[in-house]
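A.B. asks: Provided herewith is a single structure, encoded as structure tokens, for subsequent inquiry.
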Amino acid sequence: MAGEAPELSAQERAGKAFPVSWDQFHRDCRALTWRLNEVGPFHAVIAITRGGLVPAAIVARELGVRVIDTVCIASYEHNKQGELQVLKGISEAAMKLGGGTGKGLLIVDDLVDTGKTGKLVREMLPDAHFATVYAKPMGRPLVDTFITEVSQDTWIFFPWDTALSYHPPLRDGAA
Ligand SMILES: O=P(O)(O)OC[C@H]1O[C@H](OP(=O)(O)OP(=O)(O)O)[C@H](O)[C@@H]1O
Ligand SMILES: O=c1[nH]c(=O)c2nc[nH]c2[nH]1
Ligand SMILES: [Mg+2]
């Protein structure tokens, strides 16, 4: 509508970009596993989909954990956060392994931003260990183990969301 400022997406509000390659992501997941190896053993890994699926696979492989479950939560549509929707809860079998409270379970996600997603899963499994690869300051207090902190005004670009493309030279105004 004329005169109305367009609503900025979380990515536009973020301003800074932090692109992550597959190689970098794999290294960061391995570094995360080094830390988690000191905390475990874990009965099962719970991946927060979809972003948690890739780090969960790498972490579970490194830790030798073969039981993997998912909790399926959607909140961002591309880069705008809406209401959290739990599309699939934690399975009965995984709940049982964690004694009903998540003890001995490892929750994995790619990142915490505002912390809304992490908070919801923590409520489901209060005694589980929560690990993410990246953390922004608002969500950081919710996470037990992470590898890299980026500022709240940074948008992380994951390799599964991006593709190689032309980038103009700095002197032509590229960031
Ligand atoms: O700390 P928050 O502000 O809640 O944001 C973090 C969550 O947002 C992203 O998931 P998204 O909802 O985009 O779904 P996806 O994992 O399927 O991409 C990301 O993978 C985290 O799960
Ligand atoms: O790809 C993403 N990058 C981010 O920085 C982010 N924050 C919430 N959800 C996100 N998704
Ligand atoms: Mg996610």
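A short reminder: the numbers here are calculations on the coordinates, not readings from a lab. What you see is a predicted model, and the numbers here were worked out from it, not measured in a lab. Please note: Cβ atoms are built from the backbone with ideal geometry, for glycine as well, and neighbour counts cover all protein chains shown.
A.B. asks: Which lysines have a Cα lying under 22 Å from the Cα of residue 119, excluding residues fewer than 8 positions away in the same chain?
C.D. replies: 80, 88, 96, 103, 136
A.B. asks: I want to check the label-to-label distance for residue 50 and residue 151. Put each point 7 Å from Cα in the C-beta direction and report it in nm to one decimal.
C.D. replies: Spacing of the two 7 Å Cα→Cβ label points: 3.0 nm.
A.B. asks: Could you check the simple spin-label distance between residue 62 and residue 37, using points 7 Å along Cα→Cβ, in nm with one decimal?
C.D. replies: Here the answer is 0.8 nm between the modelled labels.
A.B. asks: Could you work out the relative contact order of the stretch 95-146, using alpha carbon pairs under 8 angstrom and six or more residues apart, expressed as a whole percent? Display every interim value, and only then the final one.
C.D. replies: Working: 91 pairs, mean separation 20.5, N = 52.
It comes to 39 percent, rounded to a whole number.
A.B. asks: I've got another one for you. Rounding to the nearest 10 and keeping the result within 0 to 90°, find how far the Cα-based axis of helix 53-63 lies from the longest principal axis of the chain.
C.D. replies: The angle comes out near 40 degrees.
A.B. asks: Would you calculate the separation in nanometres between label points at residue 140 and residue 92, each defined as 7 Å from the Cα along the Cα-to-beta-carbon direction?
C.D. replies: Computed distance between label sites residue 140 and residue 92 equals 4.2 nm.
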